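The values are calculated or read from the model by the stated rules, or taken from the named source; none is laboratory data. Keep in mind that this is a model prediction, so the values were computed, not measured. Here the Cβ is made from the backbone with ideal geometry for all residues, glycine too, and neighbour counts use every protein chain on show.
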Amino acid sequence: MTPDFLILAQEGAANGSAAAQALVTGLSLGSIYALLAMGFVIIFKATQVLNFAHGALAAMGAFFVAVFATIWDIPQRWLPDWPVWSTWTLSVVFALIAAALAGMAIERVFIRPMIGEELFAVAIVTLGVDIVIRAVLNDFIGTDSRPLGDPWGTGVFDLGFVRIAHTEVVQLVVTFALVVAIALFFRTRLGVAMQATAFDQEAARAQGIDVGKVFGIAWAIGAVLAAVGGIFLSVFPRRGAGLDTQTAFFVFAAFPAIILGGLDSVVGAVVGGMIIGLAQAYSGLLPWEFLGTGFSGVVPYFIMIVVLLVRPYGLFGTEEIRRV
Amino acid sequence: MRGRPLLYTSYEGDQAILNTTTKKVAAGLFILFLAAIPFFAAGTIGEEGSLPGPDFLATGDWLRLLSTVGIYAIGALGLNILTGLAGQVSLGHAFFMGLGAYTAAVLGSPAGPLWGLGLPMWVWLPAAGIVAALVGVLVAPAAVRVRGLYLAIVTLGLVFIGEYLWRNLDFITGGSQSGRNHPTFAFRIWKEEEPLIDFSADGTWFGFLNLSGQAKTYLFILAVTIGFVLLAKNLQRTRVGRAFMSIRDRDIAAEVMGVNEFKYKTTAFAISSFFAGVAGALIASLVGRTIPETWNLFLSVQFIAIILIGGVGTVTGAILGTLFVILLPRLVRDFTGWMEGIVESGDGLLAGILDIFVSTESGDFGLINTSAGVAPGLGIDQLNLVIYGLLIILFLIFEPLGLYGIWLRIRNYWKGWPFTY
């Protein structure tokens, strides 16, 4: 059983350019993890919530795209003359808005009442949210895959020694753009407010920052980043056929990336995501028989455990100061 | 000191597991009731006789369900010791259960295409716990170094690594395709052909008790569960238990007071894993056949749900939570079946109201979907999941002490009745 996300790497291996192909696969996989981890870290930093529902948010975002782009056919049905890529992009924008609203709604309904409770209790609430969203989504998705109707399909740039899917190029560009956008966001008024909130909620409030609004925005950003990650997880070459009931589950592999970088470091999220993605891609090339099937699926966890033993707060995480 | 149940004249009385007369009587009656359940069925005592009581409980599937409750309660007690007493959040419970189950399978199953030594139950059942506990001790150093939420995710990794191991160690687990059989409940001295007591086959005990296999299994599991409940309850009032609680409440303060954090966290992991290993071995044997995917993250989450819904840190809570979480899917199924029946009978106000919520055929609309087709609405499995998730959320938001908290409130209300204080 080869996981879908390594198919191109395997093909590359057959062509004798395995290492180069693994680099491409690893970077693209890593950028997905980086997106997911970044959203997660933003939520954690701003609201102190360990969001186990991140996988569900990712799948939900991808599902919104499937709904808008292929099921309801919005806005393509009203704009039949426009090229597919433009209407699809509009569908994605609608889906992302829906995802942002959903993220804010989750925060307002389920997380807000838990302010001041133990971090662990809040984390378990998100686990409950994850179960609910996944159950409802899986019911909608059904047993089939839901194609997202993206305009790139299975197109591939064949450079001879390496094959790069069109989606992978898009993905790297989008990820880079989003990382820059997030970096710029933290320089805006709202971004600074968010940093202040992350530092000390009460002090931020005393300075006139609407902490509730910051929480909402953080969840909206987290949900949007998760949704983008979910979309890229549901298109070629990661999952050929589209969104299915396993997509949310794949996001669990982003947890090691988050922990690796440190729960509260945005830079760490990107670095951790890339490390995990590359490690997964290259582990698919290991020739040892005894590793058995599915080894690349657990590589992230092994790396995570080893790193945590050396650095208990991840590579870039802030060490918690403990007092009696 | 009659009539003053809360007046203790000795430390023994204060520290007793059942420290009031009411508790003693209630616990005694409850255990008697549980033990009597199989005998509610007609023909279990002598030729015709039975105990008076709700005889649906004595049917095969209810006995099985109650056995499951007993086993899950053992697992939940284990997680409760780690998470509720020692305050270490673990999502890795499923891993230790799987470890126990496969240890039991290797030791207890006869040799075949898969590894098996064919040893008797008094070997494999404790061994399942001990092996899990040893691995727990191995994992503990990591857990001591890594704190809080980081620990939750490390233990999450444990489940995935475990699943990967079970899938690939197919000479032990049978692999994903076929899975493997687990030993049955039977008491043997050593490897003799005929067991002294076979808990899985119908038979007669003491010459006049006619019991089915399910009934015997149930009684066996009831006995084991009571043993583990006593163990867990007892742990809370020992030095070790108090050390766990001090670590939970403030680990540095505990260390300052001379509680060796490393030692007690390791102990907590070992004890918790022991409970999990035994529970895993029992549930695997009850089910009969498992595949590696049985021991997945959802199982861990179920246990988290159990102790949260029941009430973290209390033995009573763990038991209440298990009853609730295991019986809930059954109740949901019966309830939707009941609603479907009413809707399909098609008349009356109730049917009209329920029709809004239940869709029984494709094209119909409703929140809950009972038809096998693709009508909109949640299928029963999904409905169960949604209810699970919502219960976890709602309990955490509104009643962090869980069912035990509700019970406490009811009790205190009646204690002071008719006064409100």
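Annotations
- Qualifying position, being free of Cβ contacts under 8 Å to residues at least 24 places away in the same chain and not basic (Lys, Arg), among B:150, B:72: B:150
- Considering the stretch A:115-126, the residues that are at pLDDT below 90 and within 7 Å of chain B (Cβ to nearest Cβ) include one that is surrounded by the most Cβ atoms within 10 Å (Cβ to Cβ), namely A:124.
- Residue check for residue A:110: aromatic (Phe, Trp, Tyr) and either within 7 Å of chain B (Cβ to nearest Cβ) or not in a strand (DSSP E or B) (or both): yes
- Residue A:215 meets all of the listed conditions (1) within 21 Å of residue A:65 (Cα to Cα); (2) modelled with pLDDT of 85 or more but one, namely (1).
- Residues of the stretch B:80-89 satisfying the condition of being assigned to a helix (DSSP H, G or I) and farther than 12 Å from residue B:310 by Cα: B:81, B:82, B:83, B:85
- Matching residues, the stretch A:187-209, being touching a residue at least 12 places away in the same chain (Cβ under 8 Å) and not in a helix (DSSP H, G or I): A:209
- Considering residues of the stretch A:268-324 that are more than 13 Å from chain B (Cβ to nearest Cβ) and part of a loop (DSSP other than H, G, I, E, B) only, the residue farthest from residue B:168 (Cα to Cα): A:316
- There is at least one residue in the stretch A:152-162 that is β-branched (Val, Ile, Thr), outside any helix (DSSP H, G or I) and surrounded by 17 or more Cβ atoms within 10 Å (Cβ to Cβ).
- Residues that are away from chain A (no Cβ under 13 Å) and outside any helix (DSSP H, G or I), drawn from the stretch B:287-310: B:288, B:289, B:290, B:291, B:295
- In the stretch B:177-191, of all residues being assigned to a loop (DSSP other than H, G, I, E, B) and out of contact with any Gly (no Cβ under 6 Å at 6 or more places or on another chain), the one that is farthest from the other protein chains (Cβ to nearest Cβ) corresponds to B:189.
- Residue in the stretch B:148-176 that is surrounded by the most Cβ atoms within 10 Å (Cβ to Cβ), counting only those that are more than 11 Å from chain A (Cβ to nearest Cβ) and not hydrophobic (A, V, I, L, M, F, W, C): B:173
- Some residue of the stretch B:1-21 being surrounded by fewer than 17 Cβ atoms within 10 Å (Cβ to Cβ) and closer than 21 Å to residue B:223 by Cβ: yes
- Search result, residues across the stretch B:1-44 that are in a helix (DSSP H, G or I) and either of a type in the set (Val, Ile, Thr) or assigned by TED's automatic domain parsing to the domain that holds residue B:205 (or both): B:21, B:22, B:25, B:31, B:37
- Verdict on residue B:230 being in contact with a strand residue (DSSP E or B) (Cβ under 8 Å, 6 or more places away or on another chain), part of a helix (DSSP H, G or I), of a type in the set (A, V, I, L, M) and modelled with pLDDT of 90 or more: no
- Taken over the stretch A:143-181, the criterion of being within 14 Å of chain B (Cβ to nearest Cβ) and either hydroxyl-bearing (Ser, Thr, Tyr) or without any contact (Cβ under 8 Å) to a residue 40 or more places away in the chain (or both) is satisfied by A:143 alone.
- Those residues of the stretch B:227-255 which are away from chain A (no Cβ under 14 Å), of a type in the set (Gly, Ala, Ser) and either surrounded by fewer than 19 Cβ atoms within 10 Å (Cβ to Cβ) or more than 20 Å from residue B:151 (Cα to Cα) (or both), in sequence order: B:227, B:232, B:241
- Given (1) within 14 Å of chain A (Cβ to nearest Cβ); (2) without any contact (Cβ under 8 Å) to a residue 24 or more places away in the chain; (3) part of a helix (DSSP H, G or I), number of the condition residue B:258 does not satisfy: (3)
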